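As structure tokens, the structure follows; a few thoughts come after it.
Laboratory data are not the source of any read-out in this text; all were calculated from the coordinates shown. These numbers come from a predicted model, not from an experiment. In this analysis, Cβ positions are derived from the backbone assuming ideal geometry, glycine residues included, and neighbour counts consider all displayed protein chains.
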Amino acid sequence: MKTEVLKADAAGIARAAEVLRAGGLVAFPTETVYGLGGVATRDEAVERIFTAKGRPSRNPLIAHVGAPEVARRIAVFDERAERLVARFWPGPLTIVLPRRPGSGLSPRVSAGLPTVAVRMPAHPVALALLRAVDEPVAAPSANRSGRTSPTTAEHVLADLAGRIELVLDAGPCEVGVESTVVDLSEPDRALLLRPGGLPRAEIEAVIGPLEGRRPGEPVRSPGLVGRHYAPSKPVRLDVREVAPDEGLLAFGEDVPPGAKVTLNLSPAGDLAEAARSPFAMLRELDRADVRAIAVVPIPGEGLGEAIRDRLRRAAMEAPADA
Ligand code: AMP
Ligand code: MG
């Protein structure tokens, strides 16, 4: 299959909507990362997403919507979910809720779970496309499973050229890390399943404290544990001294000297700026003539929680589970 690349103008978006409605796969920009979309009510389209990514079928997908009503057709909202939606949608927040029976959603989207993850992205191209399709669109990150998430159309093509119908190109993504995933599927608990583009503190200010997984409790979301975002080279974290054959991922003005190649996530020490490029910079250091990748300590507050999570998982040795 030849993968078409179109500029994300009105004609490109109209063509992308047509491809999706016909059951095809389209990679499109969101404010977080590029997503690989297929209509979420069509089993064959959803099945093809798993195949194109090489994603294990037990790792569920996020259903993207162009309006909250579309999410309410497939998920059962409670009052907490409504408050979050009113405050943060469109935006980088995914909410896991009970599936609505009879909604027509492909069961594969949920990978057999009784829940579904929903999000309304803030990117104008994503919104225009989702509204044109007027169906929920399942859209995991548009990378091969286990690899770094794509923040440009070139990253998408590097992983998926020949495996999908179309890429809509709207340049680099604004946020750069994936959405924050909050699980509200049980009435008395709110869990943070994945830190992401919306800082935890902003969510807690609206619905109170977010819990983590309890000790011994099974993992709810197989894609959220284990090695992921993985470059082919070893990654070392919280480094203060660098070896001469290493590539350095720096942050702020305090840059350890001596690396063969140095890239800085944000020379000014700004976490929102830093969140835009960890994936692109990991890809670049992976291609550079260095033996390993060293990363300086990144502060854990605000968007730093998501950046640290992605880097920690890029550094893990266990094989990808997602
Ligand atoms: P991706 O779209 O590739 O960034 O991954 C989306 C993440 O959301 C995956 O890690 C999934 O495991 C998680 N997810 C999607 N649906 C659900 C669900 N119903 N319950 C829990 N986690 C989910
Ligand atoms: Mg992903």
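Miscellaneous remarks
- With Cα atoms defining each centre, segment 122-184 and segment 257-318 are spaced 21 Å apart in the structure.
- Unit charges at the beta carbon, dipole of the chain: most positive-side option, F251, G102, P297: G102
- Dipole magnitude of the chain, debye to nearest 20 (Cβ charges: Lys/Arg +1, Asp/Glu -1, about Cα centre): 880 debye
- Calculated on the alpha-carbon coordinates, the convex hull of the chain measures out at 125 cubic angstrom per residue.
- GNM on the chain, alpha-carbon springs under 10 angstrom: the most fluctuating residue among L210, L168, L127 is L210.
- Under 18 Å from the Cα of K53 - aspartates and glutamates, other chains or at least 8 residues apart: E4, D43, E44, E154, D159, E165, E178, D321
- Cα-derived Rg to Rh of segment 206-304, Kirkwood definition: 1.05
- Within straight-line reach of K260, meaning a Cα separation under 25 Å, sit the following lysines at least 8 residues removed in sequence or on another chain: K233.
- Selection from L237, A117, A86 lying farthest towards where the dipole of the chain points positive, charges on Cβ: A117
- Only Lys, Arg, Asp and Glu carry charge here, each on its Cβ (+1 for the first two, -1 for the last two); on that basis segment 138-221 has a dipole of about 340 debye about its Cα centre.
- Placing +1 on the Cβ of every Lys and Arg and -1 on the Cβ of every Asp and Glu, with nothing else charged, gives segment 187-322 a dipole about its Cα centre of roughly 500 debye.
- Each stretch of four or more DSSP H residues adds -39500 (n - 2.57); spread over every residue of the chain, this sum gives -8500 deg cm²/dmol at 222 nm.
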